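Contents: one structure, followed by commentary.
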Amino acid sequence: MPRQPKYRRIVLKISGEALAGAAGFGIDPIVVDSIARQIKDVQQLGVQVAVVVGGGNIWRGQSGSQKGMDRATADYMGMLATVINALALMDALEKHGVVVRVQTAIEMKEVAEPFIRRRAITHLEKGRVVIFAAGNGNPYFSTDTTAALRAAEIEADVMLKATKEAGVYDMDPRTHPEAKKLDEIHYIDVLKENLRVMDATATSLCMDNNIPIVVFNLNTYGNILKVVLGEPIGTYVGG
Ligand code: UDP
């Protein structure tokens with residue numbers, strides 16, 4: 001019997017770092033290819049997949065401003081970095097025969113479509129993967145917040161937050177080896193305890209709009225599919 005996905009429409013948030021692989025910066029085409037294959041597996045189940053890509057493998061606004069740059073300018077650079085990543089992912093997906101549309105929050109129509117909410121939904125309904133790039137077009141925001149915003153806008157059933165960790169821990173696992181991974185947690189507790197899931201703006205946006213978040217490890221091949229099939233991996237953040 002074919003496996004039934006738990007979600008009909010998802011927003012997958014992939015950080016820039018995830019595309020960099022072991023190098024920690026730039027784009028590793030082998031890693032991007034592996035992510036593309038995983039996305040294809042999910043899409044083939046009939047799940048509508050929208051992706052929000054980060055840009056931290058190339059540029060982060062905050063690091064620029066810490067070194068004296070104007071914050072807004074540095075943030076615009078970060079948003080442009082996400083477009084580079086989006087094109088890399090588009091290319092990898094297309095190599096696997098997946099039909100993709102990139103939509104940018106900052107217009108650059110020679111490169112990609114502008115973000116048009118209703119058009120994005122139509123693409124998804126037609127089985128195309130939509131990659132949202134250039135964040136939400138505004139400085140002082142993150143791509144996590146963008147993912148939460150786009151999830152609300154396109155009425156996604158869930159936001160999948162791909163990370164390097166197995167999920168959300170009760171303490172920082174990098175400094176506390178005794179830290180325990182949580183299977184489930186309320187948004188409020190993530191905010192109250194300041195747990196490292198996403199920034200507070202992104203978490204509250206999901207909370208206010210009842211969008212569950214699944215935090216999971218992207219380094220294990222097949223995990224996106226497992227989450228979509230409802231297997232108990234990662235951490236479920238909900239109400
Ligand atoms: N950014 C922004 N507005 C947005 C999204 C992103 O200004 O709506 C900038 C910000 O400077 C950020 C950079 O783009 O540091 C890259 O995004 P992010 O840090 O979220 O990428 P990730 O950590 O997921 O790789």
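The values are calculated or read from the model by the stated rules, or taken from the named source; none is laboratory data. It should be emphasised that the depicted structure is a prediction, and the values quoted were computed from it without experimental measurement. All Cβ positions, glycine included, derive from the backbone under ideal geometry; neighbour counts span all protein chains shown.
Assorted remarks:
- Scan of segment 41-67 for residues that are of a type in the set (Gly, Ala, Ser), within 15 Å of the ligand (Cβ to nearest atom) and exposed (fewer than 15 other Cβ atoms within 10 Å of the Cβ), ordered by number: Ser63
- Considering residues of segment 55-102 that are of a type in the set (Val, Ile, Thr) and part of a helix (DSSP H, G or I) only, the residue farthest from the chain's Cα centre (by Cα): Thr73
- Residues that are touching a helix residue (DSSP H, G or I) at 6+ places or on another chain (Cβ under 9 Å) and under 16 Å from Tyr7 (Cβ atoms) are absent from segment 185-193.
- One residue stands out among those in segment 160-214 that are among the small types (Gly, Ala, Ser) and not in a strand (DSSP E or B): the one that is farthest from Ile10 (Cα to Cα), which is Ala179.
- Taken as a whole, the condition of being under 17 Å from the mean Cα position of the chain (by Cα), under 19 Å from Gly222 (Cα atoms) and not small (Gly, Ala, Ser) applies to Leu12.
- Unique residue being aliphatic (A, V, I, L, M), closer than 18 Å to Asn217 by Cβ and in contact with a helix residue (DSSP H, G or I) (Cβ under 9 Å, 6 or more places away or on another chain) when the list is Ala18, Ala88, Ala105, Ala50: Ala18
- Some residue of segment 172-190 being under 25 Å from Ala22 (Cα atoms), surrounded by fewer than 22 Cβ atoms within 10 Å (Cβ to Cβ) and touching a Lys or Arg at 6+ places or on another chain (Cβ under 7 Å): yes
- Qualifying residue in segment 187-204 (condition: modelled with pLDDT of 95 or more, under 16 Å from the mean Cα position of the chain (by Cα) and more than 16 Å from the ligand (Cβ to nearest atom)): no
- The set of residues in segment 103-135 being within 16 Å of the ligand (Cβ to nearest atom) and assigned to a loop (DSSP other than H, G, I, E, B) consists of Ala105, Ile106, Glu107, Met108, Ala112, Phe115, Ala134, Gly135.
- For segment 139-156, filtering for residues that are of a type in the set (Val, Ile, Thr) and touching a Cys at 6+ places or on another chain (Cβ under 9 Å) leaves 0.
- Screening segment 136-185 for residues that are hydroxyl-bearing (Ser, Thr, Tyr) and within 16 Å of the ligand (Cβ to nearest atom) and picking the one that is farthest from Met69 (Cα to Cα) gives Thr163.
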